[in-house]
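Since the structure comes first, as structure tokens, the remarks are kept for the end.
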Amino acid sequence: MTENETRVLIVEDEPTIARAVADRLAAEGFAVEVAADGPAAVERARAYEPHIVVLDVMLPGFDGLEVCRRVQAERPVPVLMLTARDDETDLLVGLGVGADDYVTKPFSMRELVARLRAVLRRVERPAMDGGDGPVRVGDLEVDQRARRVRRDGREVHLTPTEFDLLACLLRNRGAVLTRAVLLEQVWDWADASGTRVVDSHVKALRRKLGQELIRTVHGVGYSLEAAP
Ligand code: CA
């Protein structure tokens, strides 16, 4: 997809920030729309079908977490969340909200654009070694070609990033992967500055797929068990 066709929905109730983000993304060649509260965001996501949502957490109506839940329930779409403070990011990480990445205010437009492009690159990346059909681990079935996951025969909806993280752990089954390695392989980040985002997504995967699937190796990283 060319960037002229890449639609970004910006959800932000502070007009100055909304306009600055919209202007910059438009200048970068993205198509943009802006929503200023929770209900409008859900309505615009449905009608505009964005490729990615830039989503502020604190919003009138209902907050960004609820927007994220409602939008994802209708159609999986990557979400880049804007948080007010580092401790707010920590809170969201703790909740395992289904956002693909977090940017803390104040942020530079350059950083926002870089993180947005990184999320889009990951989503557009073809699934790896998908030629072997679905992989089974216990009651889990992962179809890398179709990017679908079933547990006990029932489909489980994962965000694009959650799927990529699961696929990465699956490819390296039995090995312990550090947060830095996971950041590089799943998020395309060469530096390890955002390791909390890894913890957040592991938490989300455990919530959706069961606590026992991914093992925490304290002080090292994470591992998907080799044996069912
Ligand atoms: Ca706000």
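The values are calculated or read from the model by the stated rules, or taken from the named source; none is laboratory data. Quick caveat: nothing in here was measured; it's all calculated off a predicted structure. Cβ placement follows ideal geometry from the backbone for every residue including glycine, while neighbour counts extend to all protein chains displayed.
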For this session: Please work out if Arg70 is closer than 24 Å to Asp164 by Cα, more than 10 Å from the ligand (Cβ to nearest atom), assigned by TED's automatic domain parsing to the domain that holds Val119 and of a type in the set (Lys, Arg).
Result: yes
Exercise. Could we say that Leu92 is within 20 Å of Asp164 (Cβ to Cβ), part of a helix (DSSP H, G or I) and not assigned by TED's automatic domain parsing to the domain that holds His201 here?
Worked result: yes
For this session: Considering each of Asp23, Asp100, Asp63 in turn, give the residue that is of a type in the set (D, E, K, R) and under 16 Å from His201 (Cβ atoms).
Result: Asp100
Problem set entry | Meets criteria (more than 24 Å from Glu124 (Cα to Cα), within 16 Å of the ligand (Cβ to nearest atom) and out of contact with any Lys or Arg (no Cβ under 8 Å at 6 or more places or on another chain)) for Leu55 | no
For this session: Determine which single condition Gly96 fails, assuming it passes every other condition in (1) more than 16 Å from the chain's Cα centre (by Cα); (2) small (Gly, Ala, Ser); (3) at pLDDT below 95.
Result: (1)
Seminar exercise, completed: For helices (runs of 4 or more DSSP H) lying entirely in the stretch 1-82, having 2 or more residues that are touching a strand residue (DSSP E or B) at 6+ places or on another chain (Cβ under 9 Å) and surrounded by fewer than 17 Cβ atoms within 10 Å (Cβ to Cβ) picks out 15-27, 38-48
Exercise. So which residues in the stretch 138-160 are among the β-branched types (Val, Ile, Thr) and modelled with pLDDT of 85 or more?
Worked result: Val142, Val149, Val156
Problem set entry | Complete set of residues in the stretch 17-36 that are more than 13 Å from Asp56 (Cα to Cα) and within 16 Å of the ligand (Cβ to nearest atom) | Arg19, Ala20, Ala22
For this session: Only residues in the stretch 4-32 that are under 15 Å from Arg110 (Cβ atoms) and outside the structural domain of Glu111 (by TED's automatic domain parsing) count as the first member; pair them with residues that are away from the ligand (no atom under 16 Å from the Cβ) and part of a helix (DSSP H, G or I), Cβ under 9 angstrom, at least 6 apart or cross-chain, and list the lot.
Result: none
Exercise. So, in the stretch 1-31, of the ones that are farther than 20 Å from Thr83 by Cα and hydrophobic (A, V, I, L, M, F, W, C), which residue ends up modelled with the lowest pLDDT?
Worked result: Met1
